[in-house]
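What follows is a set of notes on a single structure, which appears directly below.
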Amino acid sequence: MHTRQQLRLRGVMISYAGPDPTVNAANPPQITLPAPTVADLRTTAAWTLTVMPVDAQGIFSSAGTLPWSTPLTGVATSPGGCSLQWIALNAAVAGVRMNDGNRTDVIYYGLLPAGTPIANVGGCESSGVSTGPNGQQVTMAHEVGHGAGLAHGPCGTPGDPGYPAYEPYHPASTPTASLGEYGLDPRNGQVHRPTEKDLMSYCGPPWMSLYHQGRLTNNARLNPTRIRSQRWKAPMYIHPHLWPWEYIPDPPQWERGPHEVVRMRAERVVSIIGVVERGELRVTEVTRVAALPQVHGGRPTAFVAELVDAEGRVISAADVQRLPARSCGCGCSGEDGGGGAEDSYVLSVLLPDLERGAALRVTGTGADGERTEVWRVEAPERPVEIDGFEVRLESGAGVARWELAAPDEGWTAALQFSPDDGRSWNSLAAGITDNRCEFSVEDLPSRAELVFRLLVHDGFSTVTAETRATSAPRPVQLVVMHPQDGAVVGAGQPLRLWASTEGEVLAEPERGRWYVDEEQVGRGFDDWVVAPAAGEHTVRVECDSDTGTSVAEARFTTVDSE
Ligand SMILES: [Zn+2]
């Protein structure tokens, strides 16, 4: 028996339109950066797929777009903590996860466009959904490691107390996050020495340690399956836009703990997300969606949320959870596990959505120990009404438009789509404050009859409207994972030609063709050749499918060894 694992990553694609104070703090220019795409998610994940015990082919998809307009240039609210801007972004990204069904079979990752103004705090992890810049591959692996339950390696930051001291690479009984074993880079055969540092630490050069390799083996977040055959098997393919619990008899293996079998299914929930800023609670969004009804990775707080009726009777109630967050980057120190020191963090709570109710409220414990109301919103007299909703899919872009009978402000809209007639819903866009939304069709399923849903949130409840549209056929997604643009590799050395693609072609690797400098040199999506003589080169991969031929290219350099 062998264990096989696969990375299933779902990107929250963030666009940025706002000031850039890193260029000129006094008079910042306005910049506009489009949201990254699933192709960007794939190329950024190349290092993650290389260092982690997973198949070379992952399953990549989009959890939709999120517009952002505040620069991430504030200072941390406590040493090693996050800035208020990062906390606000993490809260918005956690909201996208709810719009996407709050799935547990994928790891969510917020992808910022390269060039987003970031300063003082390099990044901010949240155990809800972590976020990093497009192209920063080591950051992604570190965050995916947190998503799979890893804490920090103890170097430059307090770490996992279980991290062993690998003698002789560590001083006796003093772990310093060394790898503890030789590591092999499967892209080029490079050997990493046991004294190099674990990627979950803040020291480098980073690689995967023996300890975390073990923690990631048979790890439920990496979708382990047992196989008997010794022979090559095609990469696992799951349809990323179908909710697995709609199709797999329950209880599926990923929800079985050692002692429990829990039934998992999306339910109607009231999601309240907010932030506590220096002790003050502020609710940032209230949405009513269908989602898995547990907050994942949360820690208890003293707050309780309630949906109440006109007489003040409680219809449903739940404890408010705090999403742990740490700052990230070399030189920072972060309290592992989120700790309790920071007074600013993201809150999330999911209440059963049993009826509309008359008010939502959050209570906390006052200084005298009495419960006091810290936030309350009444049902508006008139709910928002949707007067019209249409979606057009054209080559290159889709456009959704709607008309509302609603106040000018105080509402936000989101979009979802379903490829299976309303059983599974995928987030397409969130945080919209306009009456229209343009979206990329490149990351929609190809040639599918789709149901689109508009959700309008008024801060208390949500109204929806649906419409249908059929997506055009498109070629399969294909990107070069190695050698990537700008790579420098040894002339005459083994060279891995590795591409990432999707769908049923994964099971038919003979469809892939490789060209180096216009000469066909290999086949499949993972092949080995001898690197050409020293100089500048191009690599191209092509793949035929019944919707056309996909092509991806990269430029790389070969050098003679010294
Ligand atoms: Zn970290």
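The values are calculated or read from the model by the stated rules, or taken from the named source; none is laboratory data. All figures in this text were calculated on a predicted structure; none of them were measured in a lab. Here the Cβ is made from the backbone with ideal geometry for all residues, glycine too, and neighbour counts use every protein chain on show. The protein model used for the area step is the full one, side chains on, heavy atoms only, and it has no ligands, DNA or RNA in it. Shrake-Rupley method; radii C 1.70, N 1.55, O 1.52, S 1.80 Å.
Set side by side, the residues D343, D250, D353 differ, and just one is surrounded by fewer than 16 Cβ atoms within 10 Å (Cβ to Cβ), more than 16 Å from the ligand (Cβ to nearest atom), outside the structural domain of H142 (by TED's automatic domain parsing) and modelled with pLDDT of 70 or more, which is D343.
When the range 464-478 is filtered for residues that are in contact with a Leu (Cβ under 7 Å, 6 or more places away or on another chain), assigned to a strand (DSSP E or B) and among the hydrophobic types (A, V, I, L, M, F, W, C), the ones remaining, listed by number, are A465, A469. Among the residues of the range 129-140, those that are within 12 Å of the ligand (Cβ to nearest atom) and among the small types (G, A, S) comprise S130, G132.
Of the candidates P206, P158, the single residue that is in contact with a helix residue (DSSP H, G or I) (Cβ under 6 Å, 6 or more places away or on another chain) and within 12 Å of the ligand (Cβ to nearest atom) is P206.
For beta carbons closer than 9 Å, sequence separation of 6+ or different chains, a first residue in the range 138-149 that is of a type in the set (S, T, N, Q) and open to solvent by 10 Å² or more (accessible area, probe 1.4 Å) and a second that is more than 11 Å from the ligand (Cβ to nearest atom) and part of a helix (DSSP H, G or I), the qualifying pairs are T139/T44. Restricting to the range 280-294, name every residue that is open to solvent by less than 50 Å² (accessible area, probe 1.4 Å) and either among the β-branched types (V, I, T) or part of a loop (DSSP other than H, G, I, E, B) (or both). Selection gives V283, V286, T287, V289, L292, P293. Considering (1) touching a residue at least 60 places away in the same chain (Cβ under 8 Å); (2) open to solvent by 10 Å² or more (accessible area, probe 1.4 Å); (3) in contact with a Leu (Cβ under 6 Å, 6 or more places away or on another chain), the lone condition that Q85 does not fulfil carries the number (1). Any idea which of D517, D544 is at pLDDT below 95 and either assigned by TED's automatic domain parsing to the domain that holds P186 or of a type outside the set (G, A, S) (or both)? After ruling out the rest, the residue left standing is D544. Evaluation of S424 against the conditions (1) out of contact with any helix residue (DSSP H, G or I) (no Cβ under 6 Å at 6 or more places or on another chain); (2) on the phi < 0 side of the Ramachandran plot; (3) part of a loop (DSSP other than H, G, I, E, B) shows that the sole unmet condition is (1).
Taking the condition without any contact (Cβ under 8 Å) to a residue 40 or more places away in the chain, crowded, with 18+ Cβ neighbours inside 10 Å and either in the same structural domain as E403 (by TED's automatic domain parsing) or touching a helix residue (DSSP H, G or I) at 6+ places or on another chain (Cβ under 7 Å) (or both), does V451 pass? Answer is yes for this residue. Applying the criterion of being surrounded by fewer than 19 Cβ atoms within 10 Å (Cβ to Cβ) and in contact (Cβ under 8 Å) with a residue 12 or more places away in the chain to the residues of the range 156-169, the residue that is nearest to V349 (Cα to Cα) is P158.
Against the condition at negative phi and either modelled with pLDDT under 90 or among the polar types (S, T, N, Q) (or both), how does A119 come out, does it pass? Here the answer is yes, as A119 does meet what is asked. Flag: N102 does not match the condition of being in contact with a Leu (Cβ under 8 Å, 6 or more places away or on another chain), within 16 Å of the ligand (Cβ to nearest atom) and either outside the structural domain of L292 (by TED's automatic domain parsing) or not in a helix (DSSP H, G or I) (or both). Inside the range 453-463, residues that are part of a strand (DSSP E or B) and out of contact with any Phe, Trp or Tyr (no Cβ under 8 Å at 6 or more places or on another chain) make up a count of 3.
Conditions (1) part of a loop (DSSP other than H, G, I, E, B); (2) buried (at least 16 other Cβ atoms within 10 Å of the Cβ), marked per residue:
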| residue | (1), (2) |
| --- | --- |
| R187 | yes, yes |
| T195 | yes, no |
| C203 | yes, yes |
| Y211 | no, yes |
| G214 | no, no |
| N218 | yes, no |
| R221 | no, yes |
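Has the range 521-538 got any residue that is exposed (fewer than 15 other Cβ atoms within 10 Å of the Cβ), outside the structural domain of A45 (by TED's automatic domain parsing) and either within 30 Å of the chain's Cα centre (by Cα) or closer than 17 Å to S446 by Cβ (or both)? No, the range 521-538 has no match at all.
The single condition among (1) touching a helix residue (DSSP H, G or I) at 6+ places or on another chain (Cβ under 7 Å); (2) free of Cβ contacts under 8 Å to residues at least 60 places away in the same chain; (3) among the aliphatic types (A, V, I, L, M) that L497 does not satisfy is (1). Among the residues of this structure, D421 does not count as one that is over 30 Å from Q137 (Cβ atoms) and modelled with pLDDT under 95.
Quick one: would you say R10 is charged (D, E, K, R), assigned to a strand (DSSP E or B) and under 30 Å from G101 (Cα atoms)? So R10 passes the test. Across the range 367-380, not a single residue is classified as away from the ligand (no atom under 16 Å from the Cβ), small (G, A, S), closer than 24 Å to R103 by Cβ and modelled with pLDDT of 90 or more. Every condition in (1) within 11 Å of the ligand (Cβ to nearest atom); (2) of a type outside the set (A, V, I, L, M, F, W, C); (3) at pLDDT 90 or above; (4) under 18 Å from S61 (Cβ atoms) is met by E143 except one, and the failing one is (3).
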